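What follows is one structure encoded as structure tokens, with my remarks underneath.
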Amino acid sequence: MSRFQTIDAYAPLDGQLALMPIRFERLSPERVIVANTVGDILVLTQVEFERLIALDLRPGDGLYERATERLLVAREGARAPLQLLALRLRSRMAFLRDATALHILVVTLRCEHSCPYCQVSRRNTGAERYDMSEETALLALEVAMSSPAKAIKLEFQGGEPLLNFPLIAFAVEAATRMAEVKGKAVEFVIATNLALLDDKILTFCQNHHIHLSTSLDGPADLHNRNRPRPGGNSHALAAAGIQRVQEFLGRDRIGALMTTTDASLDRVEEIIEEYVRLGLDGIFLRPLSPYGFAMKTRWYDGYDSDRWLTFYERGLRHILDLNHRGIRFPEFYASLLLQRILTDQPIGYVDLRSPAGIGIGALVYNYDGKVFASDEGRMLAEMGDQTFELGTLGKTDYASLVTSERLIDLVGGTLSQTSPECRSCAYEAHCGADPVYHHATQGDAVGIKPLSGFCSRQKGILRILIETLERGGRDAAVLRSWVSR
Amino acid sequence: MTPLALHGTGRATGFSEGSGRTLLRLRDPADTPSHAADAALIRSTDHAVMALLQGFDTFVAIGDSEPGSGANGRRVLLDNRFSHLTPGDILALDVPTNRVRVLWRSESNHNSFLVTERCDHFCLMCSQPPRNVDDGWIIDEIYECLPLIDPSTKSVGFTGGETLLAPDRFIPLLGAVGRLLPHAGVHVLTNGRAFSRAAVVRNWAALQHPDLWAGIPIYSAVDTIHDYVVQSRGAFDETVLGVLRMKDAGQRVEIRVVLHALTAPRLVETCTWLARNMPFVDHVALMGMEDTGFALANHAALWMDPLDYGPALTDGIAVLSEAGIRTSIYNLPLCVLPEGVRPWAVRSISDWKNDRPDVCSSCSAAGRCAGFFTTGKTKFSRGIQPIAEPVTFLGR
Ligand code: SF4
Ligand code: SF4
């Protein structure tokens, strides 16, 4: 008789195996995706899925091993699997420790463009009462500097913020001084169409290490159609601006955002190629959001999420092929989701969080001193909906803003972990609550997810990414390489 | 290769009646003895005379017969298998039985102390099969040995058995190591189960040692497989909890995965699991199996040619590296590794230098190769063959 026991002596006892908290979603009649609470994923056949649910698993059958490794099943009484899930969940939620890292100053509502999809309801260039004052900026910075986050980002938005550049310069200098006193790191971003860029502004950006973020919708005809301005030269100005920033400040100091309109849908490859041509380091394929003029002009209704997903998938295919040709060029939304799928790092992006990033992830200070829980929240306010307005500068401070009953209700009431549909969704760990979107589209911050464009886009993109990772090979390798660790 | 003789029987004379275990530190006969344990290492009559003049009263001679010097004193004669001994080496002599063990070799960079032969595991491939004996005296002997070691020593290891069966005795010993060998990195092999108890981790962390490592084996992400390999139900659960507690306390942990027919087939999954669940460990060692001890008894169940798990090594290392986990390959000859992972291989088998198998004589990589054990009946990989081109080691 051997001194050694066989493997059967170490198998779970009858009835000892238990399901961990799992969620699933059918990919096809034959395939089911199963995920645990931290988003470890297993794609199973229908038969395997039924065996998993029935706990009809034995060491050696392959399924037992796969399900154990993904923390989908564990022995009753085992402590390690629960500890692992708990500590990974803690790590995924660690963004809560650094509350409100993003502070957006709307330095003016004026704009010299007249985009029909404008989401912020810009004002004409002459209307100077839509500018932020120095006094308001200082009050905003005081709130920003009293948030817990050690490293904060100040983003200047508009309208076209460069129309009020003196205020930006004032705020950057003030913030730098205040951050030093507070022992905080501070980063600056200006979201601009670049039309008003000049050497003075560039020099200032260089001296203060400011990042620029611009809009580029694709080739000239498409971009100019989407973004009219006197002279019809928006694209030429943006392209020239991008090149100037790249030369003057460095390639990594400028990024561009695109917005998908009806006219973009058949042209994703051209749009991407335009980004490559201009030497941009990636693209963020973005759908239109239901705010501002995009609603008034009904551009928002130009396409549904299925058509958008087709656009996205075609775009992703093109981008993967670019990468195979040796051009490192990520799709940034995919990168964000992949970071959620492939790591437990807390997410920096405020729109992919639950608890939602409103207020506790970002605060927005409007030109007139009103404080909003998100950029989209102030867009809604310009349309007459005050739901996401948290207070007025001078009459409030950081603590009362983020502990206001309104914000707590909005954040606490929309957790994807507990919302109908989300709570049982296989993608929950990688998704987020988007109360502003659902409020805007359905009049309810939780929303009915099967009717939500956000949800169908999320499910669609996550499914594309997960299936690509599952297939392995060089597409999967490119996706994995986009994750920053 | 033939391992160096690290224990054997000598002939001891001149030790007083009733002497038991005695530690001897070898010194050059031209040196001056400075400790009661100092013994002159003599290989010739000249040495013997010089040692006598220098005031030595203990002599360790190597050879077939003792080089006479006419001196009295304590004398040990060891045969030529011990010719590798050098000054600085430390021997333990059991006077009644004439048994000699080499505790410390000053020329080695991998000195390690066996702390106990007892173990609460019974691993299928154990190279040092545990024995249920009362060997608490070993820790006392290590305490005695530490002051004899060159204080500039860079590294010291502790193995078992299971080193942490008696943490209340072992952890204070580590404290003494930190004080007496302040420049030494300390590497402890343990199954990590003791760390599932908060008090053990607390005491370990309280040492505040700047370079103390716990090397902990996890053979699979599947509890049943790990428990089977170590022959102990519930081992996986306690070991994983132990690792988590240690990392929570900010302690250094190395995960060791020994590769054989029960573990290598799921190597990629194991690495994926480590990358997702323990990206915070400090090092992962993927290790070839030493075909000795129980590994021979279980050869049929365990043997897998490393050539056959090469692709899994490639993928596993990619997964770990992507997750930013420092990774090394131990105990595997370069020629059996896929070229892409050779830069991860470490020359780990200590003292691979004497008898190199003939096949290696024309190999350009021999200087960097971990080599393989050639004792007795072990089986080699069918992939052993000289590497013709100089291996270029790309940065990781
Ligand atoms: S929004 Fe949709 S995809 Fe996201 S968690 Fe909820 S149900 Fe799932
Ligand atoms: S042939 Fe070369 S690579 Fe292979 S074991 Fe010998 S020295 Fe190592």
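Read-outs: derived from the displayed coordinates by stated rules, not from any lab. Please read these numbers as outputs of a predicted model, since none were measured by experiment. Note that we place each Cβ from the backbone using ideal geometry, even for glycine, and neighbour counts take in every protein chain shown.
For the reader, a short list of remarks on this structure follows.
- Expressed to the nearest 5 percent, the antiparallel share of DSSP beta bridges inside the protein assembly as shown is 35 percent.
- Shown for chain A: cysteine residues without a partner Cβ closer than 4.7 Å, namely A:CYS111, A:CYS205, A:CYS422, A:CYS425, A:CYS431, A:CYS455.
- Across peptide B:229-237, the mean count of Cβ atoms from other chains lying within 10 Å of each residue's own Cβ comes to 4.
- Normalised radius of gyration (Cα atoms, divided by 2.2 N^0.38 Å) for region B:64-146: 1.37.
- Among B:SER83, B:SER381, B:SER361, the ranking by other beta carbons within 10 Å of each residue's beta carbon, starting with the fewest, stands as B:SER361, B:SER83, B:SER381.
- Panel order for B:MET304, A:MET379, by other beta carbons found within 10 Å of each beta carbon, from fewest to most: B:MET304, A:MET379.
- Exceeding the 22 Å Cα-Cα cut-off - candidates A:LYS370/A:LYS395; A:LYS153/A:LYS449; A:LYS150/A:LYS395; A:LYS150/A:LYS200: A:LYS153/A:LYS449; A:LYS150/A:LYS395; A:LYS150/A:LYS200
- Partner chain coverage, peptide A:63-71 - average Cβ within 10 angstrom: 5
- Within the straight-line cut-off of under 17 Å between alpha carbons, the aspartates and glutamates reachable from A:LYS184 are A:ASP98, A:GLU142, A:GLU155, A:GLU173, sequence neighbours fewer than 8 places apart in one chain being disregarded.
- Ordering B:295-303, B:257-265, A:320-328, A:359-367 by mean Cβ neighbour count within 10 Å, with the highest value first, yields A:359-367, B:257-265, B:295-303, A:320-328.
- Gyration tensor analysis over the Cα atoms of region A:99-392 returns equivalent ellipsoid semi-axes of 28, 22, 21 Å (largest first, whole Å).
- Of all lysines in the structure, the ones whose alpha carbon falls short of 28 Å from that of B:LYS379, not counting any fewer than 8 places away in one chain, are B:LYS353.
- Partner shielding of A:82-91 amounts to 3, given as the average count of beta-carbon atoms from other chains within 10 Å of each residue beta-carbon.
- Spatially proximal aspartates and glutamates relative to B:LYS154 (Cα-Cα < 20 Å; intrachain offsets below 8 disregarded): B:ASP89, B:GLU107, B:GLU144, B:ASP211, B:GLU254, B:ASP282, B:ASP351
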